[in-house]
1. Look through region 170-198, keep the residues that are touching a residue at least 60 places away in the same chain (Cβ under 8 Å) and touching a Phe, Trp or Tyr at 6+ places or on another chain (Cβ under 9 Å), and return whichever of them is nearest to residue 221 (Cα to Cα).
2. Looking at residue 99, is it in contact (Cβ under 8 Å) with a residue 40 or more places away in the chain, crowded, with 17+ Cβ neighbours inside 10 Å and not in a loop (DSSP other than H, G, I, E, B)?
3. Any idea which of 84, 64 is modelled with pLDDT of 90 or more, under 19 Å from residue 17 (Cα atoms) and within 19 Å of the chain's Cα centre (by Cα)?
4. Which is farther than 30 Å from residue 224 by Cα, modelled with pLDDT of 95 or more and not polar (S, T, N, Q), of 47, 57, 91?
5. Look through region 1-18, keep the residues that are among the β-branched types (Val, Ile, Thr) and in contact with a helix residue (DSSP H, G or I) (Cβ under 8 Å, 6 or more places away or on another chain), and return whichever of them is farthest from residue 196 (Cα to Cα).
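The values are calculated or read from the model by the stated rules, or taken from the named source; none is laboratory data. Note that the structure is a prediction, hence the values are computed from the model and not measured. In this analysis, Cβ positions are derived from the backbone assuming ideal geometry, glycine residues included, and neighbour counts consider all displayed protein chains.
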Amino acid sequence: MESVYQALAKIGYTHPLHPTLTHLVMGLVMGAFIFVLIATFFRRESLARTAWRCMVLALIALLPTAVLGYGDWQHRFAGDLIFPITMKLILAGLLLVLLVVAIVLGFRTENWSRNVVIIYAVCLVVVIGIGYFGGELVYGKRAPKAATEETLVSEGALVFSQSCSACHHSDKPDYKIGPGMQGLFQLEKLPVSGRPVTEANIRVQLKTPFKNMPAFPELSEEKVEALIAFLKTL
C-alpha cells in the first residue's frame, strides 16, 4: 500500500486514511443502539429492523476500515505494536465477532430479546473503546503539552546528536561512517537500503537496520517522531 500513500502525497494528501472510515462504523453502531432502544421501549418493529440493517452496514464497513487501519499502521508506525494499537486490534477483533452475533440473532424479529439489546450495548462500548485508543494514538502523548513543530524539531536534533551523529553528518550528504543526512527527504531512495524515502522506512531502518547499522530499540515512538521531524528540516 506504500505506493498509494506516495501517490496521495504527490497531490498534497498526507493525512492517515483510516480515520476517514472509522466514523462510519462507529456512527452505524451508535445509531443501531439508539434505534434498538426505541424499538424495545415502544415496540416498534420497523425500528428494530433499521437497527439490524445498521449493524449489517457496520460489518460491511468494518473490512475496508480495517484494511486502511493496517495500511496506516505500517506506513506511520512500521508495524510497531505500541499499546494503543494493540488495544485497537483486540477491540476491532471483538467488534467483528459481536457484529456477526448481533446480526445472526437479530435476523428474525421474533428472536429479538434482551440478549440482543445487550449485545448492541456491548458493541457500542467496544466502538467507544476503539475511538478512545485512536485518540490516545494521536493526542495522548501530547496531552501534557501541545508540542509545536519547532519543539519537535528541537527534540529531534537532540536525539540525532545523542544517537546518530557519531556515524552521520547532519549538515552535508557526505559519508562519515554512514551516509550524511542532509537533504534526505529530497531523495527518492534511502542511500544504503535503496528503499523509498518514507517515514515508515526510516522507522524500519531504526528498528531492523539494513546492513551494518545498529538497531535502536530503546528509542520511544515520541523520540522517533521527533527525529523524523528533524531529518525533514535538513
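1. By that ranking, first place goes to 198.
2. Criteria met by residue 99.
3. After applying the criteria, what remains is 64.
4. On the way: 47 fails: modelled with pLDDT of 95 or more; 91 fails: farther than 30 Å from residue 224 by Cα.
After ruling out the rest, the residue left standing is 57.
5. 14
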